Amino acid sequence: MVLVLDDDAGYVDFYRSILNVHDISVGSFTLAEDAIRSFRGMPDLYDCAVLDVFLHTSELDGVAVARALREMRPELPILFITGLEDDANIAILQKYGQYQRKRTTFEKLAEVLYRFASESS
């Protein structure tokens, strides 16, 4: 199962639909605290996490969520899907996992998401 966290419900629905088409289960969240709580309750349920970086609906950002998840499962594969463009912030994301910029085609985003989830399962 893939943990998906994005404060934009439209992106959450998009990611879930892409993964469900390929029979990959998704636990989807728009609040960081809910995602962490779910993961804490069943950390072995999730094969990987797909996180947005800026979470306007939570006090935490995606990097803080990644830290929390990695405290529970250090080997958890993480993919950040972000609007970040600057190299300094990208370097921070790469400490925790892979990243994909949101400013791309939906086809490319779907391809990256599916590849990451299928390789992590």
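Structure values in brief
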item: Lone unmet requirement of (1) out of contact with any Lys or Arg (no Cβ under 9 Å at 6 or more places or on another chain); (2) more than 24 Å from residue 101 (Cβ to Cβ) for residue 44; result: (1)
item: Condition broken by residue 50, with the remaining ones in (1) over 26 Å from residue 21 (Cβ atoms); (2) at pLDDT 95 or above; (3) buried (at least 16 other Cβ atoms within 10 Å of the Cβ); (4) of a type in the set (A, V, I, L, M, F, W, C) satisfied; result: (1)
item: Strands (runs of 3 or more DSSP E) wholly inside the stretch 16-121 containing at least 3 residues that are of a type in the set (A, V, I, L, M); result: 48-51, 78-82
item: Top-ranked residue of the stretch 74-94 - restricted to ones that are at pLDDT 90 or above and more than 10 Å from the chain's Cα centre (by Cα), ranked as surrounded by the fewest Cβ atoms within 10 Å (Cβ to Cβ); result: 75
item: Condition met for residue 46 (within 18 Å of residue 6 (Cα to Cα), touching a residue at least 40 places away in the same chain (Cβ under 8 Å), of a type in the set (Phe, Trp, Tyr) and in contact with a strand residue (DSSP E or B) (Cβ under 6 Å, 6 or more places away or on another chain)); result: yes
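The values are calculated or read from the model by the stated rules, or taken from the named source; none is laboratory data. The model shown is predicted, which means the values in this text are computed figures rather than measured ones. Here Cβ is always computed from backbone atoms with ideal geometry, including for glycine, and neighbour counts include all displayed protein chains.
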